[in-house]
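Worksheet: one structure, shown below.
A short reminder: the numbers here are calculations on the coordinates, not readings from a lab. This is a predicted model, so every value here is computed, not measured. For neighbour counting, all protein chains shown are included, and Cβ atoms are generated from backbone atoms with ideal geometry for every residue, glycine included.
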Amino acid sequence: MTKAQKRKRKFKSVKKKIDRTRFHSISPLGYVRVNMRYPIDFVLANIGHHYLTLHGHRVKMWSKRYQNFRDHGVTCVKCGIKGVYFRLECQCLHANWEGNAWHFNLYALDENGKEIMMTKDHIIPRSKGGANGINNLQTMCSFCNLKKSDSLE
């Protein structure tokens, strides 16, 4: 069996498990998600060196991305779109959900109501010698971050 066939088989088994529950779905970006929107205040208030357990999923609540959203805001520094809610998601590398890393992704809504993922961006890119500290991070939507790439602006 090739690697592609194994991946396809694994994805089918995850999809079957998702289809059996009403609480999970697959996002347009391919993440498995809990069908619930979490308020920004709830997630940002729970940042710290601990885990949260929601809907049976364990979520690590310390990351530079969460800290960036708390310290630098939830608005894209380029286009000005604002994050409105978080989603609990994972990439589901294992059919058994126990081994997967669940995390919150911040989403904004465009004028058509389509979700746009908000990301952290390095002001001075790591490839150009920028630090990985919180002072070198800013909030950007995924489209602006993709356009910026590793350029200095």
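Taking the Cα atoms of the range 21-153 alone, what are Rg (to one decimal) and Dmax (as a whole number) in Å?
Radius of gyration, then largest Cα-Cα span, for the range 21-153: 15.2, 46 Å.
Going 7 Å from the Cα of GLU153 along its beta-carbon direction, which residues of the range 101-120 have the amide nitrogen within less than 11 Å of the resulting point?
none
Work out the FRET efficiency for LEU109 and ALA131 from their Cβ-Cβ distance, taking R0 = 22 Å, and round it to the nearest 0.05.
Using R0 = 22 Å, I get an efficiency of 0.10.
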